[in-house]
Amino acid sequence: QVQLVESGGGLVLPGGSLRLSCAASGTIFASSIMHWYRQGPGKQREWVATVTVSSNTFYTNSVKGRFTISRDNAKNTVYLQMNSLLPEDTAVYYCQLSAKASVYWGQGTQVTVSS
């Protein structure tokens, strides 16, 4: 069983930055693809970014150039560096671990971008 714990959310002014972290338990992190998703108020959950086992990265168009996903296999942790934040980035952010036939989710961390 894998547990994912996100942290780093909070309230930030438009144009500000936050770094989210997601720490994974267990031994499969290094061989797993990691994703960040988000769910804004009244919206469906949407995919934000992916980092592969070989650290290739992919982003949804709305965050390209502003967000950076990365991983540290020694710490079993994936990060999401978020810069130039916009009010529309307000959401609960979730990390997801994909390993073979299994998918695991964290509990989410709230990010609020507001003046």
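The values are calculated or read from the model by the stated rules, or taken from the named source; none is laboratory data. Fair warning: this is a prediction, and the values are worked out from it, not measured in the lab. Positions of Cβ are generated from backbone atoms using ideal geometry, with glycine treated the same way; all protein chains shown enter the neighbour counts. Protein only, heavy atoms only, side chains kept; ligands, DNA and RNA dropped before computing areas. Shrake-Rupley method; radii C 1.70, N 1.55, O 1.52, S 1.80 Å.
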> How far is the Cα center of region 1-48 from the Cα center of region 58-115, in Å?
Replying inline: 4 Å
> So how strong a dipole does region 43-115 carry about its Cα centre when Lys and Arg Cβ are +1 and Asp and Glu Cβ are -1, to the nearest 20 debye?
Replying inline: 160 debye
> Farthest toward the dipole's positive end in the chain, which of GLY42, ASN73, VAL63, given Cβ charges of +1 (Lys, Arg) and -1 (Asp, Glu) about the Cα centre?
Replying inline: ASN73
> Out of residues 5 or more away from GLY108 or on other chains, whose amide H comes under 5 Å of its own, with H placed 1.01 Å from N in the peptide plane?
Replying inline: GLU6, CYS95
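Taking the radius of gyration and the Kirkwood hydrodynamic radius from Cα positions alone, what is the Rg/Rh ratio for the chain, to two decimal places?
Values: Rg = 13.4 Å, Rh = 14.0 Å.
Taking Rg over the Kirkwood Rh, I get 0.95.
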> Between GLY16 and residues 5 or more places away or on another chain, which pairs have amide H atoms under 5 Å apart, with H built 1.01 Å from N, and which residues are they?
Replying inline: LEU85
> In square angstrom, what is the accessible area per residue of region 37-78 with a 1.4 angstrom probe?
Replying inline: 58 Å²
> What list of whole percents do you get for P(r) of region 1-61, with Cα-Cα distances grouped in 10 Å bins up to the one holding the largest distance?
Replying inline: 17, 45, 32, 6
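Rounded to the nearest percent, how much of the accessible area of the chain (1.4 Å probe, protein heavy atoms only) is carbon and sulfur?
Working: 3010 of 5930 Å².
About 51 percent, which is the carbon plus sulfur part of the accessible surface.
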> Please identify the trypsin sites (Lys or Arg not before Pro) of region 61-115 that satisfy two criteria: DSSP loop assignment and at most 12 other Cβ atoms within 10 Å. Which are they?
Replying inline: LYS64, LYS100
